[in-house]
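The values are calculated or read from the model by the stated rules, or taken from the named source; none is laboratory data. Computed from a predicted model, the values in this text were never measured in an experiment. As a convention, Cβ positions derive from the backbone with ideal geometry for all residues, glycine included, and neighbour counts pool all protein chains shown.
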Amino acid sequence: MTLVEVPAGLWVLAGTGAVVPPPSDLAFGVPADPELCTLIVGSAGTARPDPALVAAAVADLPPAVRDRLLVAPYGSGTRGAAEVAGELARRWGRPVQLANGLPVIGSDGVARTLATDEAGNPLWWPMSRRMRCDPAGPPVPVDPAAPLADLPVVAERVWSLQGPWLVELTHFGLWVRHRDAPAGAAQLAQIPWDPRWLTVVAGVPGQPPDGIRPVVAGLLARLPEQARARVRMVSPELLSRLTSAEP
């Protein structure tokens, strides 16, 4: 691993003695935040950093830095950053913050999170900016989802839609289910975190999703256009493919 100091904190590149990109790279544009030390994982169009090696490289950070650490995916680290945050959480025995992309300041001066593909190309502004990675279990969203803010709140990160239908903000995106469906289905926890997509799961395995289509259509209609462009619809019957195959 190669660690590079950037204004926001540290940038980890795959390989020893990796060539550091020029100052025009997006990683150098992540703003410094006195309340955070951002660990940027990956770079544009390069080899994927090994999550275990990345975690080992920063595992000895002092406690004051651990408290402020924010793991941020970029380019080749897009899909491995959650593993880095999870491994650090297990090593340290405490939650670690995970961004859904690079923290940036938009042209309007508003702080946002920019998700990129593995080549480092900008994709979209994820609905939730940050996750919490605990020593066990999938990441948990900690930021509100603005497109859902005007819906009736049923529970933490759960809102009411039409009739008996609910929508839950999860680590993979959105889960639409009947109010009588069991919360926290085991298969859903196995869906990989992937900030390139807004994955929407409609229903639960083994239960007919009668009447769910217009509910999902209404939900998608309230999302910003750039979010709809990143939607990946998944039926419960196809969850096994999503949890076992390389997306």
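Looking only at residues in the range 104-140 that are touching a Ser or Thr at 6+ places or on another chain (Cβ under 9 Å) and β-branched (Val, Ile, Thr), the one that is surrounded by the most Cβ atoms within 10 Å (Cβ to Cβ) is 116.
Every test in (1) surrounded by fewer than 18 Cβ atoms within 10 Å (Cβ to Cβ); (2) of a type outside the set (D, E, K, R); (3) at pLDDT 95 or above; (4) under 18 Å from the mean Cα position of the chain (by Cα) is passed by residue 153 save one, and that test is (4). Scanning the range 117-129 for residues that are under 13 Å from the mean Cα position of the chain (by Cα) and in a loop (DSSP other than H, G, I, E, B), we see that the one that is nearest to residue 59 (Cα to Cα) is 129.
Scanning the range 145-177 for residues that are in contact with a Pro (Cβ under 6 Å, 6 or more places away or on another chain), polar (S, T, N, Q) and within 15 Å of residue 100 (Cβ to Cβ) turns up nothing. Could you go through the range 159-170 and let me know if any residue there is of a type in the set (Phe, Trp, Tyr) and either modelled with pLDDT under 85 or over 27 Å from residue 84 (Cα atoms) (or both). Within the range 159-170, one or more residues are of a type in the set (Phe, Trp, Tyr) and either modelled with pLDDT under 85 or over 27 Å from residue 84 (Cα atoms) (or both). In the range 179-207, of all residues being surrounded by fewer than 14 Cβ atoms within 10 Å (Cβ to Cβ) and under 22 Å from the mean Cα position of the chain (by Cα), the one that is modelled with the highest pLDDT corresponds to 189. Checked against the criterion of being surrounded by fewer than 21 Cβ atoms within 10 Å (Cβ to Cβ), touching a Gly at 6+ places or on another chain (Cβ under 8 Å) and among the charged types (D, E, K, R), the range 26-44 contains not a single residue that satisfies it. Take the conditions over 16 Å from residue 42 (Cβ atoms), out of contact with any Phe, Trp or Tyr (no Cβ under 6 Å at 6 or more places or on another chain), in contact (Cβ under 8 Å) with a residue 24 or more places away in the chain and surrounded by 24 or more Cβ atoms within 10 Å (Cβ to Cβ) and apply them to residue 65. Does it pass? Answer is no for this residue.
Report, by residue number, each residue of the range 216-247 that is touching a helix residue (DSSP H, G or I) at 6+ places or on another chain (Cβ under 9 Å), at pLDDT 90 or above and assigned to a helix (DSSP H, G or I). Residues satisfying the conditions are 219, 220, 221, 227, 228. When the strands (runs of 3 or more DSSP E) confined to the range 141-185 are screened for residues that are over 12 Å from residue 203 (Cβ atoms) and acidic (Asp, Glu), none reaches at least 3 such residues. The C-beta contact set for the range 198-215 (first residue farther than 8 Å from residue 178 by Cβ and part of a strand (DSSP E or B), second residue at pLDDT below 90 and polar (S, T, N, Q), distance under 8 angstrom, 6+ apart or interchain) comprises 201/235; 202/235. Checked against the criteria, residue 114 counts as under 30 Å from residue 8 (Cβ atoms), in a strand (DSSP E or B) and among the hydrophobic types (A, V, I, L, M, F, W, C).
Among the residues of the range 127-138 satisfying the criterion of being in contact with a strand residue (DSSP E or B) (Cβ under 6 Å, 6 or more places away or on another chain) and modelled with pLDDT under 95, which is nearest to residue 158 (Cα to Cα)?
The selected residue is 128.
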